[in-house]
Amino acid sequence: MDWQKNVSLRHRNTFGLDSQTRYFAVADSTEELRSHLRRAIEEERKTFILGGGSNVVLPRDFDGVTISLGMRGVKVDSDPDRSRLRVVVQSGENWHSLVRLCMGKGIFGLENLALIPGNVGAAPIQNIGAYGVEVSEFVDFVEAMEVKTGRVVKLTNEECGFGYRDSVFKGELAGSLVVTAVGLSLHTRPRLVPDYPDLRAELERMGVTKPLPADVCEAVIRVRRRKLPDPRFVGNAGSFFKNPIVSDDVLKRLQELHTDVPCFKRASECKLAAAWLIDQCGWKGRRCGPVGVWKHHALVIVNHGRATSDDVLRLAASIKESVVARFGIELSVEPTIV
Ligand code: EPU
């Protein structure tokens, strides 16, 4: 269980950012993770936990130890509630492979979350969501290791404090826990959520009037392939900003000036489309040196070449400035900036 020295992480982050870590370690089991964490504490080294690397902006140099989570395994258990199944998945499993596996076994719920890059361990941290579904709807528990003690704890759904692209793992417990496994409660019978506008339109285009889970899954894959860049070919970390949540008053003020502002209402609040705000500022398809804004979706910053985190963060700051200047709205960054 040696630590490798001076390792490039360029091929281990979907942004493809040039980044080098002083030490690199792989944890294929919770025991290995515990011993890497213990050694890092003993040697007083900073740690960074790497999953699929799909939602991070890595620095050019990281002067600590990067621990890559490789724990694998999927266990399907029956549930006393016969309409449900419990699926316990280790952190290092690929998210989309899990979605495919569930589809193949007739386990339902995850269709709308197809093709999201990254590993299972990251899913509850940012509460991944797409096309009207969030993973928090299915999380039964999250198993995590305390960094300081190496103890494995189990958090209930409630204890995870889920919100829009948010959880305690990003908030109050950030840096103190490493997610090691996720327990999902999924359906034995189809429960479709096909109403997100893009998804509806795609199903129509496919000529499907009574969708089955496989149709929804296929439609999601088609929409994502068309709108979002494939990280194998164009480096990116998905949506770079969160959709801002604003009050009714702010929405009214905006609508007086822009009648067509897209928003999703929830009680007395409203989620605005950050992509629309950025698009209106003229950023879509613009290039700034090695980075740019994706030509088919204004919420995605892309790496056109050998970009570093400085290039990405400079562009993100310019985008934020122009959105504040034009709309008075402050965008917040979605991926983790290491
Ligand atoms: N829009 C524009 N210009 C664009 C793109 C979109 O004006 O270039 C407008 C669209 O017309 C639409 C609105 O913005 O009215 C929303 O766009 P979209 O449906 O693509 O969704 P989004 O809010 O931009 C969110 C998630 C995505 C997820 C989609 C679909 C966040 C931060 N992003 O994007 O998640 O796939 O909804 O559910 O919530 C990710 O997190 O990496 C991600 C891709």
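The values are calculated or read from the model by the stated rules, or taken from the named source; none is laboratory data. These numbers come from a predicted model, not from an experiment. We place every Cβ from the backbone using ideal geometry, glycine too, and count neighbours over all the protein chains shown. In case anyone asks, the SASA skips ligands and DNA or RNA and just uses the protein heavy atoms, side chains included. Shrake-Rupley method; radii C 1.70, N 1.55, O 1.52, S 1.80 Å.
Check THR66, THR21, THR47 and return the single one that is part of a strand (DSSP E or B), on the phi < 0 side of the Ramachandran plot, among the polar types (S, T, N, Q) and surrounded by fewer than 22 Cβ atoms within 10 Å (Cβ to Cβ). Can you show your working first?
Numbers: THR66 fails: surrounded by fewer than 22 Cβ atoms within 10 Å (Cβ to Cβ); THR21 fails: surrounded by fewer than 22 Cβ atoms within 10 Å (Cβ to Cβ).
Going through THR66, THR21, THR47 in turn, just one is part of a strand (DSSP E or B), on the phi < 0 side of the Ramachandran plot, among the polar types (S, T, N, Q) and surrounded by fewer than 22 Cβ atoms within 10 Å (Cβ to Cβ): THR47.
So if I check each of MET71, MET1, which one is open to solvent by 30 Å² or more (accessible area, probe 1.4 Å) and not in a strand (DSSP E or B)? Break it down into steps so the answer makes sense when it comes.
Numbers: MET71 fails: open to solvent by 30 Å² or more (accessible area, probe 1.4 Å).
The conditions single out MET1.
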Extreme residue, modelled with the highest pLDDT, among residues of segment 196-208 that are of a type outside the set (D, E, K, R), within 13 Å of the ligand (Cβ to nearest atom) and over 17 Å from VAL99 (Cβ atoms):
ALA201
Would you mind finding the one in ARG286, ARG306, ARG266 that is within 15 Å of the ligand (Cβ to nearest atom) and modelled with pLDDT under 95?
ARG266
Which one is nearest to the ligand (Cβ to nearest atom), of the residues in segment 289-303 that are free of Cβ contacts under 8 Å to residues at least 40 places away in the same chain and open to solvent by 30 Å² or more (accessible area, probe 1.4 Å)?
LYS295
Does VAL76 meet the test of being within 16 Å of the ligand (Cβ to nearest atom) and aliphatic (A, V, I, L, M)?
no
If you take the residues in segment 149-168 that are farther than 29 Å from LYS227 by Cα, open to solvent by less than 20 Å² (accessible area, probe 1.4 Å) and touching a residue at least 24 places away in the same chain (Cβ under 8 Å), which one is farthest from the ligand (Cβ to nearest atom)?
GLY150
Residue check, SER185 against (1) within 21 Å of the chain's Cα centre (by Cα); (2) farther than 27 Å from GLU158 by Cα; (3) among the polar types (S, T, N, Q), all met but one. Which one?
(2)
Condition check for ASP260: open to solvent by 80 Å² or more (accessible area, probe 1.4 Å) and assigned to a helix (DSSP H, G or I)
no
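Would you point out the residue of segment 209-241, among those that are closer than 18 Å to TYR196 by Cα and within 10 Å of the ligand (Cβ to nearest atom), that is surrounded by the fewest Cβ atoms within 10 Å (Cβ to Cβ)? It would help to see each step written out before you state the result.
Residues of segment 209-241 closer than 18 Å to TYR196 by Cα: 209-228, 239.
Within this subset, residues satisfying the condition of being within 10 Å of the ligand (Cβ to nearest atom) are 220, 223-224, 227-228, 239.
On the way: VAL220: 26, VAL223: 21, ARG224: 21, LYS227: 14, LEU228: 21, SER239: 20.
Ranking the candidates gives LYS227 first.
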Taking segment 297-338 and keeping residues assigned to a helix (DSSP H, G or I) and touching a Gly at 6+ places or on another chain (Cβ under 7 Å) leaves ASP311
Pick from ALA267, ALA307, ALA317, ALA274: which is open to solvent by less than 30 Å² (accessible area, probe 1.4 Å), aliphatic (A, V, I, L, M) and free of Cβ contacts under 8 Å to residues at least 60 places away in the same chain?
ALA274
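How many residues are of a type in the set (Asp, Glu) and either surrounded by fewer than 16 Cβ atoms within 10 Å (Cβ to Cβ) or over 29 Å from VAL234 (Cα atoms) (or both) if we restrict to segment 78-124?
Applying the first criterion (of a type in the set (Asp, Glu)) to segment 78-124 yields 79, 81, 93, 111.
Those left that are additionally either surrounded by fewer than 16 Cβ atoms within 10 Å (Cβ to Cβ) or over 29 Å from VAL234 (Cα atoms) (or both): 79, 81.
Adding up the residues that qualify gives 2.
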Can you confirm whether ILE278 is within 8 Å of the ligand (Cβ to nearest atom) and within 25 Å of ILE337 (Cβ to Cβ)?
yes
Within segment 134-148, is even one residue more than 28 Å from GLU44 (Cα to Cα) and within 12 Å of the ligand (Cβ to nearest atom)?
yes
